[in-house]
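Q: One structure, pasted below without further comment.
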Amino acid sequence: MSSQLALNIRLRDDATFENFVGSAAGKIQGTDRMLYIWGQAGSGKSHLLQALCHKVNAKKKDSIYLQDLGNHSSEILHSLESYSLVCLDDIHEVIGDESWELDLFHLMNSVKDGDTRLVVSASTPSARLNIGLPDLASRLRAAVAIETDALDDGQKVGMLMRRANNRGFALNDEVARFILDRSPRDMHHLIELLGKLEMETLRQQKKLTIPFVKKTLQL
């Protein structure tokens, strides 16, 4: 198994475009060869990248999704242009590292002349990244940039209720708002809490009530 395949993160089953709340999902499904997705933590960047991979995989094409880039050598980028889709999550973690910047620049050049689609994400617009390699800065700023949506509380409550329904258990508005009011509000954390509740409802065969949620999540 190649180092890239070993690091290819298993996609979340629920990371689909159908489950995404916000306008960014529609914007990234075009044909642009290189995309730069940015937004605050928990705004759905990882979800969108994985949804793109699911879509490509469904067409029997190869994709690769990589995260936690700072924990690895930039050599994992070598030969990725052989994939139909390459998704690199949170590239801001490696910006400033000379070898990472150089290998990322080479990858962008490779996909520019081929059939591979490259999608990267970061926490800020590319113009705000402290990029040491001028040519890489130019490449990233030339990519189509899409900002993820900051959801309001009502949208987050609706998302939690739909996710619960898709997973086969009921979550009403009152309980969803109880969770939102007493936990970190970023989407990543909320989805993790929903996963814990799903496991406990199955294990204990109980409905989701505020006392049950309060005890299970220790809120």
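Q: Can you tell me which residue among 190, 136, 140, 208 is surrounded by 15 or more Cβ atoms within 10 Å (Cβ to Cβ), within 21 Å of residue 20 (Cβ to Cβ) and of a type outside the set (Val, Ile, Thr)?
A: Just one listed residue meets the conditions, 190.
Q: Of all residues in the stretch 38-89, which are charged (D, E, K, R) and in contact with a strand residue (DSSP E or B) (Cβ under 6 Å, 6 or more places away or on another chain)? Write out each step before concluding.
A: Filtering the stretch 38-89 down to residues charged (D, E, K, R) leaves 45, 55, 59-62, 68, 75, 81, 89.
The answer is 45, 89.
Q: Just name the residue that is nearest to residue 41 (Cα to Cα) out of those in the stretch 184-210 that are touching a helix residue (DSSP H, G or I) at 6+ places or on another chain (Cβ under 6 Å) and in a loop (DSSP other than H, G, I, E, B).
A: It comes out as 208.
Q: I've got another one for you. Quick one: which of 47, 92, 54, 72 is of a type outside the set (Gly, Ala, Ser), modelled with pLDDT of 95 or more and over 20 Å from residue 114 (Cα atoms)?
A: 92
Q: Further question: Could you list, in sequence order, the residues of the stretch 142-155 that are in contact (Cβ under 8 Å) with a residue 60 or more places away in the chain and part of a helix (DSSP H, G or I)?
A: Restricting attention to the stretch 142-155, the residues satisfying the condition of being in contact (Cβ under 8 Å) with a residue 60 or more places away in the chain are 142-151, 155.
Hits for the stretch 142-155 are 142, 155.
Q: Identify, from the list 37, 9, the residue that is modelled with pLDDT of 90 or more and under 12 Å from the mean Cα position of the chain (by Cα).
A: Criteria check complete, one pass: 37.
Q: Within the stretch 161-169, identify whether any single residue is of a type in the set (Gly, Ala, Ser), in a loop (DSSP other than H, G, I, E, B) and loosely packed, with under 13 Cβ neighbours inside 10 Å, and answer yes or no.
A: Going residue by residue through the stretch 161-169, those that are of a type in the set (Gly, Ala, Ser) are 164, 168.
Retained after the next criterion (residues that are in a loop (DSSP other than H, G, I, E, B)): 168.
Those left that are additionally loosely packed, with under 13 Cβ neighbours inside 10 Å: 168.
Scanning the stretch 161-169 turns up at least one residue that is of a type in the set (Gly, Ala, Ser), in a loop (DSSP other than H, G, I, E, B) and loosely packed, with under 13 Cβ neighbours inside 10 Å.
Q: Answer with yes or no whether residue 109 is more than 25 Å from residue 129 (Cβ to Cβ) and either in contact (Cβ under 8 Å) with a residue 12 or more places away in the chain or open to solvent by less than 70 Å² (accessible area, probe 1.4 Å) (or both). Walk me through it before giving the result.
A: Working: more than 25 Å from residue 129 (Cβ to Cβ): no; either in contact (Cβ under 8 Å) with a residue 12 or more places away in the chain or open to solvent by less than 70 Å² (accessible area, probe 1.4 Å) (or both): yes.
So residue 109 fails the test.
Q: Just one of 127, 137 is without any contact (Cβ under 8 Å) to a residue 40 or more places away in the chain and in contact with a Lys or Arg (Cβ under 8 Å, 6 or more places away or on another chain); which is it? Step through it out loud before you land on a result.
A: Values: 137 fails: in contact with a Lys or Arg (Cβ under 8 Å, 6 or more places away or on another chain).
That would be 127, the only listed residue that is without any contact (Cβ under 8 Å) to a residue 40 or more places away in the chain and in contact with a Lys or Arg (Cβ under 8 Å, 6 or more places away or on another chain).
The values are calculated or read from the model by the stated rules, or taken from the named source; none is laboratory data. Every value quoted in this text rests on a predicted model; they were computed, and no experiment measured them. Positions of Cβ are generated from backbone atoms using ideal geometry, with glycine treated the same way; all protein chains shown enter the neighbour counts. For the accessible areas, the whole protein counts, side chains as well, though only heavy atoms, and no ligand, DNA or RNA atoms are used. Shrake-Rupley method; radii C 1.70, N 1.55, O 1.52, S 1.80 Å.
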